[in-house]
1. How many angstrom lie between the C-alpha centres of the range A:119-193 and the range A:270-286?
2. Once Rh for the range B:99-188 is found with the Kirkwood sum over Cα pairs, what is the Stokes-Einstein diffusion coefficient at 10 °C and 1.306 mPa s, in µm²/s?
3. Setting aside same-chain residues fewer than 8 positions from A:Lys6, which lysines have a Cα under 18 Å from its Cα?
4. Can you list the DSSP H helices in chain B whose Cα atoms extend at least 15 Å along the helix axis and whose mean Kyte-Doolittle hydropathy is -1.0 or higher?
5. With label points built 7 Å along Cα→Cβ from the Cα atoms of A:Glu386 and A:Glu241, find their separation and express it in nm.
6. Using only the alpha-carbon atoms of the range A:171-308 as identical scatterers, what base-10 log of I(q)/I(0) does the Debye formula give at q = 0.10, 0.16 Å⁻¹?
7. For the pairs B:Lys4/B:Lys151; B:Lys180/B:Lys255; A:Lys72/A:Lys384; B:Lys39/B:Lys275; B:Lys151/B:Lys204; A:Lys116/A:Lys367, note any where the Cα-Cα span goes beyond 30 Å.
8. Label 7 Å along Cα→Cβ of B:Arg6; the range B:103-127 residues with amide nitrogen under 14 Å?
Amino acid sequence: MRILLKNGRVIDPGRGVDETLDVLIEDGKISAVAVNIPKSAAESTYDLAGLIVAPGFIDIHVHLREPGREDKETIESGGRAAAAGGFTSVACMANTSPVNDNQSVTDFILAQAREKSPVNVFPIGALSKGLKGEQLSEIGDLVHRGAVAISDDGEPVASGFLMRKALEYARMFDIPVIAHEEEPSLANGGVMNEGFVSTLLGLRGMHAAAEEAMAYRDIRLAEVTGGRLHLAHISTAATVELVRTAKSRGVRVTAEATPHHFTLTDESVKGYDTNTKMKPPLRTAADRDAILEGLRDGTIDAVASDHAPHCQDEKDVEYDTAPFGIVGLETSVALGLEHLVATNLLPLKRFVELYSSGPARVLGLMKGTLAVGADADVTVFSVKKETTVDPARFRSRSRNTPFAGMKLRGAPLMTIVGGKVVHGAL
Amino acid sequence: MRLKSRHLLGIESLTPEEIVLILDTAESFAEISRREIKKVPTLRGRTVVNLFMEPSTRTRTSFELAEKRLSADSLNFSASSSSLVKGETLIDTARNIEAMAPDFIVMRHQMSGAPHFLARYCRSSIINAGDGSHEHPTQALLDAYTIRQKKKAIAGLKVAIIGDILHSRVVRSNIFLLRKLGAEVILAGPPTLMPLEVARLGVKVTHSMAEALDGADVIMMLRIQMERQGKGYFPSVREYYNLFGLTEERVALAKRDAIIMHPGPINRGVEIESKVADGAYSVILDQVTNGVAVRMAVLYLLAGETGDADSAEERPGH
């Protein structure tokens, strides 16, 4: 099956391409990117005039909940949500039940994905057995079966010793160690950012320093060990600065930021909507602005959603009791287009980089490019189409979003994975 | 004039005029409590559920008494005897209570924002009787009533609030109320018990009792929870008392006619010396008395009445 994408604005940041071109897909690979490829070259042609054709978007931080909590999400439903949101690949965290700390769980995830997910799924193995922060999991085994990184995300690694050993050990496989930076005793059971708003609302706060102190520790350990460190969902101005200076020193550190941290602040917690409860928490306007600057200047390598589906009844409780996390796969791209592109904060090329080649580089995936011969993973989007976030239409099994009803400029329109159209709204 | 909202979730959302309306209305109701027959038919036929998810004898009995004096039917529901201990969620509990069609739910909860959550799901008027470390609006109203009773006006007074500011629900409501009515508020306590950026609420912050008490018209002491000792908030009760306990010598730093308040229950010898707690300037028991009148006023106004309590008797069935 040959597919021809005609007249789109092709943006391929890795190769410096930004011009109106045709893209020919053949046998699941990109077979030509050129001006005016004749329609006769393909069985199926899409005229994409006025739209952007980009390397398939990659979300390197999602929770698919399978195995264990299939009521919240499955690899299939999460995959559909990803495709609808413009993603061709996702990397899923290890905090499933059972935990992905052994090859049988990795095998299961990959088997489910092959059979049921419309998008590529890359498992992230647990850093420690059972995410307990005590003993390294069998990282070699996990990598051998297909894990692309290790992380105890959701459970901060309190032991500096274990984190050091993880960074040293993971070097053998050249995979990143993904860190959820939160020093537990400083976070002190907080449910939101500690600051004026937590004072006003009487909610227990977790101070920005809980993230920053551990981020500093881990950056220093990456420097000492030569390991690859990736900081998940960074949320404070000081963490952005830590990453910036570490990079300038040549430390092998990368970082991601989420759409909720570059769009919202802790002001959104007023009213006690549990859909504003996430980890790390929504921070101040100054922190949000620092995240935006980090996205602009290259300090932050990727946008990741931290898609964390939870059932409605788990969120319909008192703020203290609700689980942390929001869904993000179906809003991430549109939020990026609204807050990064429509605001002229970023050129389109940088935006595409943050969603495709940037995350591919973080995880060392052979993705994120439209080079001839590459897998035909393609995201087509509009910067003009206006949408309203409607959780009722989510493909995800969960609806926990603080963005319901929000009007956004820009939307993903077609998702192609391995040469197959898996989502199309054209 | 009426209250804008059918709920009383906090002081933050009230206007100064609404606060004054409640205080003025409470004055009419205070008179009822001095009568031989302390009961009016104002809320006859109305049902109030007292939903107390956290133990509170003082506030619960005060509300109960207020409800009884207004002839409402009231029902007590506490966490220890409720299906919450069997794992039922708050929303299911609320739906079950709602199915019995009460007019009011008076709610005490250990988590901040819980009454706001309930208000989204219930048709009844929700009265916040204290939520986590957030607000305790009727306490602030009864405090204001007591201050007004003793000092005539609130505007221009210097009010020193001393103790565990971080965990206090009373203090937030009091700051909102006292600032709205024009008082100067100064907070004192150890930095470990002071929430971040609290000065942005328009108050002064000090860690010196002398500074806080200097020229104060009102001294409002807050309860210290003994279990916080040894958890890093302060080294010992002894040291706390030495630094922040209200002694006779310290009271002398305040204005000669300063009044001393405490939301109760007091820890004698921890936050306040017995002689001071029982002394001539203590209005701690007046606060308890006034609590009933204030809560009657709140129930009355939320029932949609106009604030003229004197005419309440002439309108049986309301």
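1. Distance between centres, Cα-based: 25 Å.
2. In µm²/s, the coefficient is 112.
3. A:Lys29, A:Lys39, A:Lys420
4. B:16-33, B:137-151, B:169-180, B:284-302
5. Reported label-point gap for A:Glu386 and A:Glu241 is 4.0 nm.
6. Treating every Cα as an identical point scatterer, log10 I(q)/I(0) equals -0.31, -0.77.
7. Flagged as over cut-off: A:Lys72/A:Lys384; B:Lys39/B:Lys275.
8. Residues passing the 14 Å test: B:103-105, B:119-127.
Values quoted throughout were computed directly from the atomic coordinates according to the rules given, and no laboratory measurement underlies them. If you're wondering where the values come from, they're calculated on a predicted model, not measured in any experiment. Glycine also receives a Cβ, built like all others from the backbone with ideal geometry; neighbour counts cover every protein chain displayed.
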